[in-house]
Structures are given as C-alpha cells and as structure tokens.
Amino acid sequence: MIELGHLRKNKSAHIMSSHGAVMEVAKMRLVVVMVAFILCFFVIAGRLGHLMIVMHGDQQTVESMVESKRRVGRADIVDRNGVVLATSLVTQSLYANPKVVVNAEEAAKKLSEIFSELNYETLLTKLKADRGFVWLKRNLTPRQQNLVYGLGLPGIGFQREEKRIYPQAHLLAHVIGCTDVDSRGVSGIEKSFNEALTQDHEPLQLSLDVRVQHVLRDEILKKIEEFNALGGCGIVMDVTTGELIALASFPDYDPHQINGLKKERLFNAATSGVFEIGSSMKILTTALALDSGIVKIDNRYDISEPIRVGRFRIKDYHPKKMVADIPQIFLYSSNIGMVKMVSDLGVERHREYLGRFGLFEAPILELPEIGSPLVPAKWRDINSMTISYGYGLAISPLQIANAVSSVVNGGILRRPRLLKLAENEKVTGVRVISEKTSQTMRDLMRLVVQHGTGRNANAHGYDVGGKTGTAEKLSNGRYRRENMVSFISAFPMSSPRYMVLVMVDEPKGNKASHGFATAGWIAAPAVKNVVSRIAPMLGIQPTPTEQATSPQYEVFKASAQGHE
Amino acid sequence: MKLTPFIVMSLFAIILGVVLFQVKYRVAALEVELGRIHQLIHDGQEAIKVLNAEWSYLTEPQRLQNLSDKFLTLKPMQPAQIVSLAEVLGVLEEEAKVQQKMVSHASEEMP
C-alpha cells in the first residue's frame, strides 16, 4: 500500500511535474498563436478601416469610369447655338466568316432577300471567299438586324460600328465635309479637325448659324433656279471678329450619299474657287487710293473717253460724258476712273496695298479646301490697270469677303474663322486702312445702294451698303458673254456688323430682270432678301428709313445727284 | 478566469469576421449596382445622342420652312414690327396721361 501509495505519489508527482511543463509549453504556443491571430485581425481591421474611412466610395474613380464609358466615338460638330450638325450613332454592321459558313448558297439567297441592294452573286462570292472575314453590309438599320438575327445563319455576325449622321443634310455639306466608312474625315471640317474629333470628346462648336445659313441657301437657290444659273456661293461674316456666320456653295450635295458624285458637286466655290471678281474690286481700289492720301475724295477725273493701252481698250459699262469726282466714279462704277486713280498711285503702291488686304496668298481658314489666288507673275502697268476694276487677278470669294470686311469695320483685317470665338477670347488684326477711309468707304457703299446699281439691295431699315460686280468669265483665253455676278455688302452701314456676299455663276437674264444678267438685277435682290430675313435673327435694330450715315454722305449724295 | 482574454479575443474575432463578410457582400452588391448604373448612363447618353440628332433633323430650317408655308401664314419680320423700349414706354406714358385726364374730367363732372 505504502509502496503503492509511494509509487502513486511518485507517479503523480512525476505526472504533476511533467503536466506542469506540458501546460507551460501549451500556454506558450497558445499565446504565440493568439498573438499571431490578433496581429492578423489587426491588419484586416486596419485595412477595413482604411477602405471604409479613408477611401470611402472613391468618387474620382467612379467619375473617371463614367467618363471613359462616354468616350466612345467621334465627337459631335455643333453650330454657334448648339444645333447638332454632325454626330456619330452606333449601328451594327454585318460580316461573315466564310470558313464557318455552312451553306453559302442558302445564306446568300436569304440575305439577298433582306437587302435589296445586295445581289445574290456578289454575296455568294463573298461567302465562298477563302478568308476569315468579309464585310457584307455596313450600318444596318435595327429592323434589318432583327431580320438577320431571325435567320440564325452560322458564320455570320454583327460588329458594332459608328455611322456619321448629318441631320442638316445639304445645308452645310461643303463646310462640314464628310467621313469615309471607317469614320475618318475626308473633306471639310471633318478632315481638318479629324484628330481633334477623334481624341477630344467635347463637341466642336463652329461659328456658323444654321438659321442664317438656311436663309442664304434659300435665297441663292431661288436665284439660281429663277435665272437658270450654273451655281453660286454666299458668305455672311461678322466683320468685328472675322467669324463666318454662313458659308454656302452651290451645287451642294447630301453628305450621306457621296459615292458616284461628280467632282464639281463636291467643289466648295466660296473657298476653293478663284474668280476675276469684277467691279466689286472697286471697293478695294477706291479704299486704297483714298487711304494712300494721293487721291483725295474731291479729285476729279475725266471719264468720258475710253483708255487705249496697246491693243486693249478700257471702257465703261455705263458711259458718262463727264469729269467725275470719286463718289461719282464709284457710284457709276467707272472703269476709266479706277484706272486713272491707280495710275496716279503707281504700280508699286497699288500692289503693296493689295498685298496688305491678303489677296496674294491663300487665306488661312479651318478648311482643307482653300484655293490659292492667281496673281500675275510680272506686274506691269496694264496689270495694275485691269486689276483696279477686277480683272487679271483671280481671288476666292472668301478673300474678297474678308478684304471688304476690313474696309468697312474701321480698317482692321482679321483672319476669317469657322470656330466660334470663346467668351473671353480676343481677336487680333492688322490695320490696313485708316478709320477715316473706312468711314468714307461706308458712305460710298451706302450711296451705291441708295442711288446706284445696288438699289435692288436696299433692305429698308437695315442701312445696307454695297457694290455690284458683273464679271465676264474667261474661258480659253477669251471673255465670254456669260457673267459671274456678285454683290458684296455690309449692314448696318452706320456701324457695320455683318458682311453679306452673294455670287451667282452664269445666270441667264429673263423677264424679271428685263433681260439683264447683271449683279444689280440678280445678286442685289438676293442680298436684300437675305439681309431683311437675317437681321432680326442676328439682333440688328432697324433704323428709321433713309437716315443719313454721316454728314459726308449728304455731300456725296448731293454731288452724285447734281449730275443726274 | 484565464479564459476571459481568450473569450474576448474570440468574440472580437467573430465580430470582425461577420463585419468583414457583410462589408464584402455589400461591396459586391454595390459593384453590381454600379455596373448597372454605368450601363444605364451609357444607354441614356446614346439615347440622348440619337434624340439630339433627331431633333436637329426635325428642326432643319428647310423642313420648318416647308411646313410653315403649308400650314401657317407667317412671313419674315418687317422692320416696322420692331420698336424700341423707349417707344413702348412713350406710348404707355401717353396712354396713362389720357386715362388720368379722363378720370379727372369724370370726377369734376360727378358732383
């Protein structure tokens, strides 16, 4: 018992002691594990807290995700009031993988039934082609897509694509241009801003106004139809900023259907075409002659006899047997008077001034279709003489429009632009003529509309001033009877804000024009209609009728009427 | 007694675990929601584009002019239809004077 007890005691002591050691070890391990776990949980808790408190929501990421979703496709083009001129819409295009197509004959037959414009044979060759991918039809309508879905043909699929849509169709075709089937700009703004339109996602805002553009188009088209003309063009420009408000050229086209169109239809006459501008040039000639100080407003020139230069004979369209002062020469649009003025000025000075107006180099505009002027290689007396009344120098309508804008706006030449001016953007310009000359020119232009060849352009209440230009067209080295008629005007003349140019190519005179195919009968009435329709839109306050522009105007008027 | 820290720790761990899972599920649910909203925004934007294009097409000036010629008798505005605010105020003033005169005239006659 004792032994046993001893033994037991011994054993229990042994056990007790070994038990204690084991417990120690176990405890240690437990502590280690617990510490490890606690550390882990602290890390997790810390991370949780970090996520919930520090980075909660992370709004920036959300916004940028929305942004990136939005960044699909080519940016829109809008007019100055935000009207959509070009936009990209998502459509589905149909393709086939000929290697997977099971029954090409059946597929071709069924597809040609859905798409009337695709014929069976072409479809069949496409579907049997030894390739992995062929386009069958680009830009399906949702209905067509549904029909094809319904066929359940193997090896035929849809690819999400973009299609460029021009909701205004013809209206701005020449300016906006168009894109090819892969959405790359091929002409107009679409081409010149191709990079920006694909990279930047804000709509591109132009300076054009669709309402004004429509009026210009409507009125010019009416004249083209009425006088059976070949085409024409028109420009409305803000003379204080150089922004183009409307830019039209005819014939125009539907930008959705450019395949198979003749080149002439895609030709933007207003910017690419260069013409001998005719009498409209006399605005510049008179302005530069007066500005040089060499010719004074009351200088008198004998305009009764035609001028002979070699084999040329320069005569007047409305001959007057008189010794005329400058307002009379301008009013009667006397070629002889103009020639005498630039002869007094000298070739060099004349040329230098025309250069200042930017007539010798292609104008800078946000369009790829810009025509370069045709300038005589050698500049002799005879060149200066003919250029003084608008022959022998071919410039684009845009160039003359911009030059005349500088004449009426106080003498500052600005760069024409198609992008809308930002709110705080300042436009720069160079002075080409003095403020005083500009004022005189406004009075002279007003005189032409009140009492001269531009009477048909007198839009009552809007104080229009301008100059007619009827130029014979040159073909194969001879001047033909066909005319290019134009009217260049600005309004209101007391403080010009807008320049309006209308040109009609080869009109045929009819009863309404008393058989005349001249600017005064064709282009001037168009300008009158354009001005009376757009002035209220553009917020031009009508002035009481027949208010004089300036005291000087009354003097001009008296001298001009004194002779009649 | 020795168990107390262990129990406290386990409770803490359990609570953390539960919270973690809940947060995780909420995040997952929110992500699904976010994706859905993105899709909605995208669809909305595409629909806006289509509608804008359609609006521009329907308000194309030539179309409006044709419709106006067909259904309305509107004509381009004439300068005589536009008057300045000063003129309007002048007319109102005249009107007021006439009214006043009539009133004073009437009140003189009344008694």
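The values are calculated or read from the model by the stated rules, or taken from the named source; none is laboratory data. Quick caveat, the model's predicted, so the values are computed rather than measured. A quick note on method: Cβ atoms are made from the backbone with ideal geometry, for glycine too, and the neighbour counts reach across all protein chains shown.
Which one of A:ALA535, A:ALA512 is of a type outside the set (D, E, K, R), part of a helix (DSSP H, G or I) and over 22 Å from A:VAL239 (Cα atoms)?
Answer to the check: A:ALA512.
Exactly one condition in (1) β-branched (Val, Ile, Thr); (2) more than 21 Å from A:ASN81 (Cα to Cα); (3) at the interface with chain A (Cβ under 10 Å from one of its Cβ atoms) is not met by B:THR73; state its number.
For B:THR73, the failing item is (3).
Find the residue count for the range A:133-167, including only residues that are over 27 Å from A:ALA96 (Cα atoms) and in contact with a helix residue (DSSP H, G or I) (Cβ under 6 Å, 6 or more places away or on another chain).
Total satisfying the criteria: 1.
For A:ALA377, are the conditions met, namely being in a helix (DSSP H, G or I) and under 34 Å from the mean Cα position of the chain (by Cα)? Lay out the reasoning, then the answer.
Details: in a helix (DSSP H, G or I): no; under 34 Å from the mean Cα position of the chain (by Cα): yes.
No: the conditions fail for A:ALA377.
Where residues in the range A:164-174 are part of a loop (DSSP other than H, G, I, E, B) and of a type outside the set (S, T, N, Q), which of them is farthest from the other protein chains (Cβ to nearest Cβ)? Break it down stepwise before answering.
Going residue by residue through the range A:164-174, those that are part of a loop (DSSP other than H, G, I, E, B) are A:166-168.
If we keep only those that are of a type outside the set (S, T, N, Q) too, we end up with A:166-167.
Values: A:TYR166: 9, A:PRO167: 4 Å.
Among residues in the range A:164-174 that are part of a loop (DSSP other than H, G, I, E, B) and of a type outside the set (S, T, N, Q), the one farthest from the other protein chains (Cβ to nearest Cβ) is A:TYR166.
Is it the case that the range B:88-111 has a residue that's at the interface with chain A (Cβ under 10 Å from one of its Cβ atoms), surrounded by 12 or more Cβ atoms within 10 Å (Cβ to Cβ) and part of a helix (DSSP H, G or I)?
no
What residue, of A:ARG446, A:ARG480, A:ARG442, is charged (D, E, K, R) and surrounded by fewer than 24 Cβ atoms within 10 Å (Cβ to Cβ)?
Numbers: A:ARG446 fails: surrounded by fewer than 24 Cβ atoms within 10 Å (Cβ to Cβ); A:ARG442 fails: surrounded by fewer than 24 Cβ atoms within 10 Å (Cβ to Cβ).
After applying the criteria, what remains is A:ARG480.
Pick from A:ARG143, A:ARG131: which is farther than 29 Å from A:ASP209 by Cα, at pLDDT below 85 and assigned to a helix (DSSP H, G or I)?
A:ARG143
Would the range A:116-123 turn up any residue that is closer than 30 Å to B:VAL50 by Cβ and within 14 Å of another protein chain (Cβ to nearest Cβ)?
The answer is no; no qualifying residue exists.
Output the residue which, of all residues in the range A:484-509 that are of a type in the set (Ser, Thr, Tyr) and assigned to a strand (DSSP E or B), is nearest to A:GLU264 (Cα to Cα).
Taking the candidates together, the pick is A:SER486.
Surrounded by 10 or more Cβ atoms within 10 Å (Cβ to Cβ), out of contact with any Leu (no Cβ under 6 Å at 6 or more places or on another chain) and either among the β-branched types (Val, Ile, Thr) or more than 10 Å from chain A (Cβ to nearest Cβ) (or both): which single residue out of B:ARG63, B:ARG26 fits that description?
Only one candidate qualifies: B:ARG26.
Among all residue pairs at least 6 apart or on different chains, which show Cβ distances below 7 Å where the first residue, located in the range B:41-55, is within 7 Å of chain A (Cβ to nearest Cβ) and the second is in a helix (DSSP H, G or I)?
B:ILE41/A:VAL66; B:ILE41/A:LYS69; B:HIS42/A:LYS69; B:GLN45/A:ARG70
For every residue, the table says whether it meets (1) out of contact with any helix residue (DSSP H, G or I) (no Cβ under 7 Å at 6 or more places or on another chain); (2) assigned to a loop (DSSP other than H, G, I, E, B); (3) more than 14 Å from chain B (Cβ to nearest Cβ).
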| position | (1), (2), (3) |
| --- | --- |
| A:VAL448 | no, no, yes |
| A:GLY461 | no, yes, no |
| A:THR468 | no, no, yes |
| A:LEU474 | yes, no, yes |
| A:TYR479 | yes, no, yes |
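What number of residues in the range B:29-58 are over 20 Å from the mean Cα position of the chain (by Cα), surrounded by 11 or more Cβ atoms within 10 Å (Cβ to Cβ) and more than 29 Å from A:LEU172 (Cβ to Cβ)?
Residues that pass the stated criteria total 6.
I'm trying to understand the selection: among the residues of the range B:83-103, which are among the hydrophobic types (A, V, I, L, M, F, W, C) and more than 31 Å from the chain's Cα centre (by Cα)?
Scanning the range B:83-103 gives B:VAL83, B:ALA86, B:VAL88, B:LEU89, B:VAL91, B:LEU92, B:ALA96, B:VAL98, B:MET102, B:VAL103.
Quick check: anything in the range B:3-10 of a type in the set (A, V, I, L, M, F, W, C), free of Cβ contacts under 8 Å to residues at least 24 places away in the same chain, over 30 Å from A:LYS163 (Cβ atoms) and loosely packed, with under 10 Cβ neighbours inside 10 Å? Don't jump to the end; show me each part of the working.
First pass over the range B:3-10, keeping only residues of a type in the set (A, V, I, L, M, F, W, C): B:3, B:6-9.
Applying the additional criterion that residues be free of Cβ contacts under 8 Å to residues at least 24 places away in the same chain yields B:3, B:6-9.
In the following step, the residues that additionally are over 30 Å from A:LYS163 (Cβ atoms) were identified as B:3, B:6-9.
Those left that are additionally loosely packed, with under 10 Cβ neighbours inside 10 Å: B:3, B:7.
The answer is yes, given that some residue of the range B:3-10 is of a type in the set (A, V, I, L, M, F, W, C), free of Cβ contacts under 8 Å to residues at least 24 places away in the same chain, over 30 Å from A:LYS163 (Cβ atoms) and loosely packed, with under 10 Cβ neighbours inside 10 Å.
Looking at the range A:256-272, which of the residues that are closer than 30 Å to A:VAL404 by Cβ and either under 16 Å from the mean Cα position of the chain (by Cα) or among the hydrophobic types (A, V, I, L, M, F, W, C) (or both) is modelled with the lowest pLDDT?
A:LEU266
How about the range A:175-226: which of its residues are within 20 Å of A:VAL527 (Cβ to Cβ) and in contact with a strand residue (DSSP E or B) (Cβ under 7 Å, 6 or more places away or on another chain)?
The answer is A:LEU208, A:ASP209, A:VAL212, A:GLN213, A:LEU216, A:ARG217, A:ILE220, A:LEU221, A:LYS223, A:ILE224.
Say we look at the range A:79-91 and pick out the residues that are buried (at least 20 other Cβ atoms within 10 Å of the Cβ) and part of a strand (DSSP E or B); which of these is farthest from the other protein chains (Cβ to nearest Cβ)?
Among residues in the range A:79-91 that are buried (at least 20 other Cβ atoms within 10 Å of the Cβ) and part of a strand (DSSP E or B), the one farthest from the other protein chains (Cβ to nearest Cβ) is A:ALA86.
Please go through the range B:66-87 and give me each residue that is among the hydrophobic types (A, V, I, L, M, F, W, C), loosely packed, with under 10 Cβ neighbours inside 10 Å and part of a helix (DSSP H, G or I), ordered by number.
The answer is B:PHE71, B:LEU85, B:ALA86.
Yes/no per residue for (1) within 28 Å of A:ILE258 (Cα to Cα); (2) among the hydroxyl-bearing types (Ser, Thr, Tyr); (3) under 44 Å from the mean Cα position of the chain (by Cα); (4) surrounded by 15 or more Cβ atoms within 10 Å (Cβ to Cβ):
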| site | (1), (2), (3), (4) |
| --- | --- |
| A:VAL101 | no, no, no, yes |
| A:GLU117 | yes, no, yes, no |
| A:ASP130 | no, no, no, no |
| A:GLN144 | yes, no, yes, yes |
| A:TYR166 | yes, yes, yes, yes |
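What's the number of the condition A:TYR317 fails, among (1) in a helix (DSSP H, G or I); (2) of a type outside the set (A, V, I, L, M, F, W, C); (3) farther than 19 Å from A:ARG356 by Cα; (4) touching a residue at least 24 places away in the same chain (Cβ under 8 Å)?
(1)
So, in the range A:194-222, how many residues would count as being out of contact with any Gly (no Cβ under 6 Å at 6 or more places or on another chain) and more than 24 Å from A:PRO251 (Cα to Cα)?
Summing the residues that are out of contact with any Gly (no Cβ under 6 Å at 6 or more places or on another chain) and more than 24 Å from A:PRO251 (Cα to Cα) in the range A:194-222 gives 11.
Can you tell me how many residues in the range B:6-47 are touching a helix residue (DSSP H, G or I) at 6+ places or on another chain (Cβ under 8 Å) and not β-branched (Val, Ile, Thr)? Please lay out each step first, then the result.
Kept after step one, since they are touching a helix residue (DSSP H, G or I) at 6+ places or on another chain (Cβ under 8 Å), are these residues of the range B:6-47: B:6, B:9, B:12-13, B:16, B:19-20, B:23, B:34, B:38, B:41-42, B:45.
With the extra rule that they be not β-branched (Val, Ile, Thr), the set shrinks to B:6, B:9, B:12-13, B:16, B:20, B:34, B:38, B:42, B:45.
Here the count works out to 10.
Just one of the numbered conditions (1) among the hydrophobic types (A, V, I, L, M, F, W, C); (2) in contact with an Asp or Glu (Cβ under 9 Å, 6 or more places away or on another chain); (3) exposed (fewer than 15 other Cβ atoms within 10 Å of the Cβ) is not true of A:ILE364; which one?
Evaluating A:ILE364 over (1) among the hydrophobic types (A, V, I, L, M, F, W, C); (2) in contact with an Asp or Glu (Cβ under 9 Å, 6 or more places away or on another chain); (3) exposed (fewer than 15 other Cβ atoms within 10 Å of the Cβ) leaves (2) as the failure.
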